[in-house]
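*Asks:* Quick one: the structure is below, and I'll ask about it shortly.
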Amino acid sequence: MSEANVQDQSVQPASVEPPEPSRLSQGIAEFFKSPAAAIGFIMLVVICCLALFAPWIAPQNPYDLMQLDIMDGRLAPGSESMTGMVYYLGTDSQGRDILSGMLYGLRTSLMVGVLSAFAAAIIGTTAGLFAAYMGRRTETVIMRLVDLQLSFPTILMALMMLAILGKGVINVVIALIIAEWATYARTVRSTALVEREKEYVEAARMLRLPGWRILFKHLLPNCLAPVIVIATMQVARAIGLEATLSFLGLGASVTEPSLGMLISTGYQYLLTGLYWISFFPGIALLVTIVSINLVGDRLRDVLNPRNAS
Amino acid sequence: MVTSIIRRLFQAIFVIVAMTIIVFIGVNVIGNPVDILINPDANQAERARVIAHYGLDQPIWKQYLMFLQGLLHGDFGDSFVYGRPALGLILERLPATLELAITALGIALVVGLPLGLYAGLYPKRLSSKLIMSGSILGFSLPTFWVGLMLIMVFSVELGWLPTNGRGPTMEFLGVQWSFLTGEGLRHLLLPAFNLALFKTSLILRLTRAGVQEVLPQDYIKFARAKGVRESRIIGVHVFKNLMIPVVTIIGLEFGSLIAFSVVTESIFAWPGMGKLIIDSINLLDRPVIVAYLMMMVMLFVALNFIIDICYTILDPRVRLDAKA
């Protein structure tokens with residue numbers, strides 16, 4: 001149903017098309033039919049708000065060393081500092097409030113996830129479209145590169161990039177982009193190959209529209225559904241990978257910890273029973289990843305043209 | 001069939017060559033090896049000596065040829081940290097990683113296959129739904145965090161299992177193995193379970209999807225109509241047809257298990273390749289990094305090659321040529 005509408009739109013004048021605000025709202029209604037997806041969506045909104053407004057919500061700025069008091073180090077959840085501040089989730093070894101650290105860490109994690117998934121989506125989609133539209137040499141070169149990359153697991157690609165680029169959050173983002181673009185390219189190419197043969201592209205060719213216009217105005221909108229689904233899932237994957245890499249000491253710095261880094265610093269205290277430094281950031285990470293996956297799972301069902309009818 | 005194998009072989013060699021170029025460019029051109037190799041306090045003469053020693057004054061293509069030559073001889077240079085050949089260091093730790101990966105794969109299969117089969121055969125049961133929800137959790141839980149929680153529960157709180165290392169090992173076929181001693185086995189349990197978690201969910205879901213694809217097929221209905229025992233239908237008709245995708249995934253995932261053991265080894269201080277590479281990246285031990293990357297490239301190319309061949313043998317309908 002949705003497929004046909006989009007296609008018509010690109011060929012016929014807009015006035016002929018019946019007004020269709022219903023399609024989007026139908027999709028939204030369809031999305032919220034699943035309670036799990038609805039819960040995931042609400043959790044995700046809450047998480048995004050927490051991350052976005054962290055500087056205003058957090059009791060403490062965990063990146064500002066002036067605000068940290070080493071005397072308050074390793075306090076159990078619920079302890080009170082000398083100044084009367086309550087550390088609801090305890091503190092780490094440097095006296096950093098775990099709750100504040102988590103809120104700020106969430107910002108880093110979400111930023112890394114969204115940024116890398118978005119950039120990889122743009123690069124991969126463009127490459128996939130080009131491969132499908134140009135065919136021949138271009139297609140062979142791009143798809144061989146994609147095959148090459150996809151035969152290695154993401155973490156290995158990311159490790160390889162970090163071994164070359166060195167440590168740091170920005171390098172983690174770059175490594176994730178390089179590791180993930182191929183997934184988009186492969187999916188977009190196969191979708192675009194199907195779309196390319198349809199009448200509306202032929203019609204656009206007949207009109208002698210320039211190649212880039214056909215690519216981005218006609219083919220691209222019709223290939224977007226799978227891209228959105230993959231991008232959602234990739235945000236979750238990227239967040240998990242960033243945390244893993246930070247845990248391994250290859251990502252965020254100790255002074256500006258991400259969730260993975262917080263978990264990592266808590267690791268050495270775990271054996272002595274100070275569980276909260278690692279435990280709570282891990283829960284935050286888990287909730288974030290699960291809610292994104294729930295939303296992504298549902299998006300796939302809703303956007304899949306096979307299920308739409 | 002022979003042509004397709006030969007073609008595939010050429011592709012594999014091409015991939016290896018391409019990766020040597022990528023790794024070489026990455027390590028020698030993007031990162032400046034002079035900065036890494038030479039003590040910043042060194043004087044001019046010392047600098048020149050080191051540069052000449054590593055051939056860094058040569059044109060880049062010559063350096064690449066030297067790199068290839070070393071590669072073919074298995075010579076990646078000496079580790080800056082250990083002062084010993086890099087490849088030897090890695091090969092020394094390979095058994096520990098293999099032991100961990102194989103055990104994890106075993107756990108994933110023993111747990112994942114039956115549960116997936118059950119969830120696929122009885123999708124309506126509550127227990128099946130629980131299994132499927134559990135597998136979503138298995139996908140979403142960050143491996144390293146699960147590892148920490150395992151340590152917290154089983155080592156710190158309950159004190160049942162040790163937290164790190166391989167424990168005592170026993171020699172078998174000239175290599176040290178942990179699983180041959182009781183204490184070593186106890187050391188192996190937590191890391192292997194940690195590494196297996198993600199793959200268990202994967203195999204479970206794959207098996208379930210496979211079962212649901214096979215069950216409505218005509219040959220199952222026919223077997224039922226013929227009055228074949230249910231156990232035989234499941235054991236032979238369903239299970240056999242399931243195995244094709246599962247075998248492929250096992251091959252692919254084995255490589256990924258070795259790659260992901262980086263994380264588990266770091267948590268449990270398991271003395272394998274993964275821990276070595278993380279230490280090497282942190283210490284900028286370039287020869288070890290290069291040797292590790294090249295070894296992994298070869299491993300994956302070889303694995304993919306073997307899987308492709310197995311695939312053609314297992315399922316005659318698949319022709320490698322048809323893919324291109």
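The values are calculated or read from the model by the stated rules, or taken from the named source; none is laboratory data. What you are looking at is a predicted structure, and each value in this text was computed from that prediction instead of being measured. Reconstructed Cβ throughout: ideal geometry from the backbone, glycine too, with neighbour counts over all protein chains shown.
*Asks:* Taking residue A:186, is it in contact with an Asp or Glu (Cβ under 9 Å, 6 or more places away or on another chain) and not hydroxyl-bearing (Ser, Thr, Tyr)?
*Replies:* In short, yes.
*Asks:* Additional query: Inspect region A:218-229 for any residue being part of a helix (DSSP H, G or I), under 16 Å from the mean Cα position of the chain (by Cα) and within 12 Å of another protein chain (Cβ to nearest Cβ) and give the result as yes or no.
*Replies:* Within region A:218-229 (the criterion being part of a helix (DSSP H, G or I), under 16 Å from the mean Cα position of the chain (by Cα) and within 12 Å of another protein chain (Cβ to nearest Cβ)), the answer is no, since none of the residues qualifies.
*Asks:* How many residues does region A:202-216 contain that are exposed (fewer than 15 other Cβ atoms within 10 Å of the Cβ) and part of a helix (DSSP H, G or I)?
*Replies:* Number satisfying all stated conditions: 7.
*Asks:* Just checking, does region B:261-272 include any residue being within 12 Å of chain A (Cβ to nearest Cβ), of a type in the set (A, V, I, L, M, F, W, C), outside any helix (DSSP H, G or I) and surrounded by fewer than 24 Cβ atoms within 10 Å (Cβ to Cβ)?
*Replies:* yes
*Asks:* If only one of B:242, B:206, B:202 is crowded, with 16+ Cβ neighbours inside 10 Å and within 15 Å of the chain's Cα centre (by Cα), which one is it?
*Replies:* B:202
*Asks:* Here are B:67, B:80: which of them is in a helix (DSSP H, G or I) and modelled with pLDDT under 80?
*Replies:* On the way: B:80 fails: in a helix (DSSP H, G or I).
Selected residue: B:67, the only one of B:67, B:80 that is in a helix (DSSP H, G or I) and modelled with pLDDT under 80.
*Asks:* Among what's in region A:260-279 and is of a type in the set (A, V, I, L, M, F, W, C) and facing another protein chain (nearest Cβ under 9 Å), pick the residue that is surrounded by the fewest Cβ atoms within 10 Å (Cβ to Cβ).
*Replies:* The qualifying residue surrounded by the fewest Cβ atoms within 10 Å (Cβ to Cβ) is A:271.
*Asks:* Tell me whether region A:242-255 contains one or more residues that are under 28 Å from residue A:45 (Cβ atoms), touching a residue at least 40 places away in the same chain (Cβ under 8 Å), within 16 Å of the chain's Cα centre (by Cα) and facing chain B (nearest Cβ under 9 Å).
*Replies:* Yes, region A:242-255 has at least one match.
*Asks:* Okay, next question. Does region B:121-142 hold any residues that are facing chain A (nearest Cβ under 9 Å), assigned to a helix (DSSP H, G or I) and buried (at least 21 other Cβ atoms within 10 Å of the Cβ), and which are they?
*Replies:* Result: B:140, single match.
*Asks:* For region B:273-298, how many residues are within 11 Å of another protein chain (Cβ to nearest Cβ) and in contact with a strand residue (DSSP E or B) (Cβ under 9 Å, 6 or more places away or on another chain)?
*Replies:* 0
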